[in-house]
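One structure is given below, encoded as structure tokens.
The values are calculated or read from the model by the stated rules, or taken from the named source; none is laboratory data. Since the model is a prediction, treat every value here as computed from it, not as a measurement. Glycine gets a Cβ as well: all are built from the backbone with ideal geometry, and neighbour counts include every protein chain shown. Accessible surface is based on the protein model in full, side chains and every heavy atom, while ligands, DNA and RNA are left aside. Shrake-Rupley method; radii C 1.70, N 1.55, O 1.52, S 1.80 Å.
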Amino acid sequence: MKRVLSFFGAPVVMLARTVRASLREGVPLRETLAQVHELGGRSVWLVMSGMAFFGAVLVTIANAQAKKLIGNVAVLGPAYFEMLVRELGPAVSALLTAARAGASHSAELSTMSVNEQVEALEMSAGDPYADLVAPRVLAGVVGLPMLSVLGTVAATLSAVVVASLAFDINGRAFMDARYVDGWDVLVAALKAVGCG
């Protein structure tokens, strides 16, 4: 089994060790809530502003391309919204969150390792995977879907505003959900949880 896990790489091995330690030791609730705040609460403004900028840029590029081919960018609105909900919302939100929270988590854990705090935790009968890694993994699984929803809303609203004000077209076309179905929402949720 260990040979199979090592084939897939260090992240899978670490995730397997974290799950095993969490099931054996339990996950500290207070630390998990603190990590949800660290991941979600401190990343919310970065994700929302970044996704709002992303939505505005996407509509601007779509307008430039649509004028060459079909002349009216409002026709692309429902397809834009479907692509944003299913693909781009979770992926770009995860990238923005990883840029901020991933660096913070890795720096914190590296500093704890250098200062021998991890060894002190092990000597005190603690498990670093259950006490340090598992709360961060659970925070990602819980926090990133919420950030993905907020980021998708911010990108949609900025697309509506840019389309209405800058290009003088019906911006509500960019929040038309006629192509979005349950499978799109399920794929988006699975992608957000997986990235978390």
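Here are a few things to note about the model shown:
- Taking the inverse of the mean 1/r over every pair of distinct Cα atoms in the chain gives a Kirkwood hydrodynamic radius of 18.7 Å.
- Rg in Å to one decimal, and Dmax rounded to a whole Å, for the stretch 98-196 via C-alpha atoms: 20.5, 66
- Rolling a 1.4 angstrom probe over the protein heavy atoms with all chains in place gives the stretch 1-106 an accessible area of 60 Å² per residue.
- Here the calculated FRET efficiency for Glu25 and Asn72, from their Cβ-Cβ distance with R0 = 45 Å, stands at 0.15, rounded to the nearest 0.05.
- For the stretch 154-196: rounded, prolate or oblate by the Cα gyration tensor [a/c cutoff 1.5]: oblate
- Relative to one another, the C-alpha centroids of the stretch 84-138 and the stretch 151-196 are positioned 29 Å apart.
- Helix 10-25 and the longest principal axis of the C-alpha atoms of the chain enclose an angle of approximately 60°.
- Based on Cα contacts under 8 Å between residues 6+ apart, the chain shows a relative contact order of 39 percent.
- Carbon and sulfur %, accessible surface of the stretch 85-194 computed with the full protein complex present, 1.4 Å: 67
- Taking Cα atoms only, the orientation of helix 103-114 departs from the longest principal axis of the chain by about 10 degrees.
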